[in-house]
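The values are calculated or read from the model by the stated rules, or taken from the named source; none is laboratory data. Because the structure is predicted, anything quoted here is derived from the model rather than measured. Glycine also receives a Cβ, built like all others from the backbone with ideal geometry; neighbour counts cover every protein chain displayed. SASA here: full protein model, heavy atoms, side chains in, ligands and nucleic acids out. Shrake-Rupley method; radii C 1.70, N 1.55, O 1.52, S 1.80 Å.
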Amino acid sequence: MGWSTEQDGAAAQGGHGAEAAGAGPGEGVRARPPVALSPSRASDFMQCPLLYRFRVIDRLPEKPSAAATRGTVVHAVLERLFDAPAAQRTAAGARAMVPGEWEKLLAKRPELAELFAGDADGERLATWLAEAEALVERWFSLEDPTRLEPADRELYVETVLESGLQLRGFIDRVDVAPTGEVRIVDYKTGKAPRPQFAEGALFQMKFYALVMWRLRGVVPRRLQLVYLGSGDVLTYDPGEADLRAVERKLLALWEAIRLATETGDWRPRPTKLCGWCDHQAHCPEFGGTPPVYPLEPRPADAGGAPQGRMEAI
């Protein structure tokens, strides 16, 4: 579609990479009711309400993940590659950026060093870095960065719907065509899902499209998921009806979160994904006991905030 733009000077805010890498809470963090919804946390609740509680309300720490941390490094390379003039955006140059971006991330989050504990000869780290470099190089077979000038990279977006529900998140890349059409792009370092699971993968993108529509008054022309793990590109062209449906779904989801927050009734939802969960020791499905609920629960019929708005509990 001839996507090309000039930088508009919008500053991306930090935090996206830390969440992706599984950052835990700091010492002395107080539990608090949720006040906004992001795509990741919405997906958590749909996957398992108890997982949502552990991450958002209890804020239990999670072990760093090598795969997620690799994704953070790859995202950083693909973001900062566009700092260079178009002619200098080469695959070799991008690969060379990987070790430096890892060192920067490690300096910010020293706990990530535990990913390679006992790796005295550095062999595991070298393999991990090579895998990240391969993902970066594969991107060049899917898109041509010399023909792209993103309007925004790692863009923090936030809006409040008429209902009072606050939505926020980070968009990997926003392209704007000379004709004004907007494309939202997200990089995935895993493999593309099977067709029957594509709708779940697009949920995050429709979430961002809704936020951009509410912020800028323009429905994005295209949503694009770039899967570096398999070399696939998934696209979807949304319409207003799509985004209104997403908004209704989010309002219903937020109402369910509000009710669970007030009553303290967070139920586990066992799936195959439970095997990768860090919180099995606290999960009743695995014989564990959740921490004492840190908020004051109220009976379900005690009334509360209107749909879409979280009041203090």
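How high is the relative contact order of the range 163-236? Use alpha-carbon pairs under 8 Å, at least six apart in sequence, and give a whole percent.
Working: 108 pairs, mean separation 25.4, N = 74.
This gives 34 percent for the range 163-236.
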**Study point:** Karplus 3J(HN,Hα) series, Hz, for the range 282-287 with 6.51 cos²θ - 1.76 cosθ + 1.60 (x for Gly, Pro)
**Key:** 9, 9, x, 5, 10, x
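Hey, got the dipole for the chain? About the Cα centre, +1 on K and R Cβ, -1 on D and E Cβ, debye to the nearest 20?
Details: 38 positive and 44 negative charges, 115 e Å.
In total the dipole reaches around 560 debye.
Which FRET efficiency, nearest 0.05, do ASP144 and ALA117 yield, Cβ-Cβ r, R0 41 Å?
Details: r = 40 Å, r/R0 = 0.97.
With a Förster radius of 41 Å, E is 0.55.
So between ASP278 and ALA66, what do we pick up on full extension, going 0.36 nm a residue minus the alpha carbon distance? Present the calculation step by step, with values, prior to reporting the outcome.
Working: separation 212, 0.36 × 212 = 76.32 nm, distance 1.39 nm.
Answer, rounded to one decimal: 74.9 nm.
Could you tell me which of rounded, prolate or oblate describes the range 101-150, using a ≥ b ≥ c as the square roots of the eigenvalues of the alpha-carbon gyration tensor, with rounded for a/c under 1.5 and, failing that, prolate when a/b is larger than b/c and oblate otherwise? Before the final figure, lay out each step's value.
Working: a/c = 4.69, a/b = 1.95, b/c = 2.40.
Oblate is the answer for the range 101-150, as a/c is 1.5 or above yet b/c matches or exceeds a/b.
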**Study point:** Filter on LYS206/LYS272; LYS108/LYS249; LYS104/LYS272 - keep pairs with C-alpha separation over 31 Å
**Key:** LYS108/LYS249; LYS104/LYS272
Exercise for review: Along Cα→Cβ, 7 Å out, is where each label goes; now give me the distance between the ones at SER43 and ALA31 in nm to one decimal.
Suggested key: 2.6
Point to revise | Extension gain (nm, one decimal) between ALA177 and PHE197, 0.36 nm per residue minus Cα-Cα | key: 4.2 nm
Exercise for review: Would you kindly work out the equivalent ellipsoid of the range 174-307 from its C-alpha gyration tensor and give its semi-axes, the square roots of five times the eigenvalues, largest first in whole Å?
Suggested key: 35, 23, 11
Check your understanding: How high is the relative contact order of the chain, in percent, counting Cα pairs under 8 Å that sit 6 or more residues apart?
Key -> 22
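Of all beta bridges DSSP finds with both residues in the chain, what is the antiparallel percent, to the nearest 5? Before the final figure, lay out each step's value.
Numbers: 17 of 24 bridges.
Of the beta bridges lying entirely in the chain, close to 70 percent run antiparallel.
Please give the FRET efficiency for VAL233 paired with GLU137, using the beta carbon to beta carbon distance and R0 = 22 Å, rounded to the nearest 0.05. Before the final figure, lay out each step's value.
Values: r = 16 Å, r/R0 = 0.72.
Plugging the Cβ-Cβ distance into 1/(1 + (r/R0)^6) gives 0.90.
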Review point. What list of ³J(HN,Hα) values in whole Hz, one per residue of the range 208-216 in order, does the Karplus curve 6.51 cos²θ - 1.76 cosθ + 1.60 (θ = phi - 60°) give from phi, with Gly and Pro shown as x?
Key: 5, 4, 4, 4, 5, 4, 5, 7, 10
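Given a 1.4 angstrom probe, I'd like the percentage of the accessible area of the range 179-242 that is carbon and sulfur, rounded to a whole number. The partial results should precede the final answer.
Numbers: 1390 of 2840 Å².
In the range 179-242, the share of accessible area belonging to carbon and sulfur is 49 percent.
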Revision key, fill the gap. Label model pair PHE82, LYS108: point-to-point distance (7 angstrom along the Cα→beta-carbon line) in nm is 1.7
Check your understanding: How big is the gap, in Å, between the Cα center of the range 116-143 and the Cα center of the range 203-240?
Key -> 28
Practice item. Excluding residues fewer than 8 places away in the same chain, name every one of the aspartates and glutamates whose C-alpha is closer than 15 Å to that of LYS63. Key: GLU19, GLU111, GLU114, ASP278
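Taking only DSSP H segments of four or more residues, each worth -39500 (n - 2.57), what value at 222 nm results for the chain once the sum is divided by all its residues, to the nearest 500 deg cm²/dmol? Walk me through the numbers before you get to the answer.
Working: 8 runs with 111 residues, N = 313.
Result for the chain: -11500 deg cm²/dmol, rounded to the nearest 500.
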Check your understanding: Given the convex hull over the Cα atoms of the chain, what projected area results after averaging over all orientations, in nm²?
Key -> 17.6
Check your understanding: Taking the Cα centre of the range 185-231 as the origin and placing charges on Cβ (Lys, Arg +1; Asp, Glu -1), which of TYR187, TYR208, PHE197 is farthest toward the positive end of the dipole?
Key -> TYR208
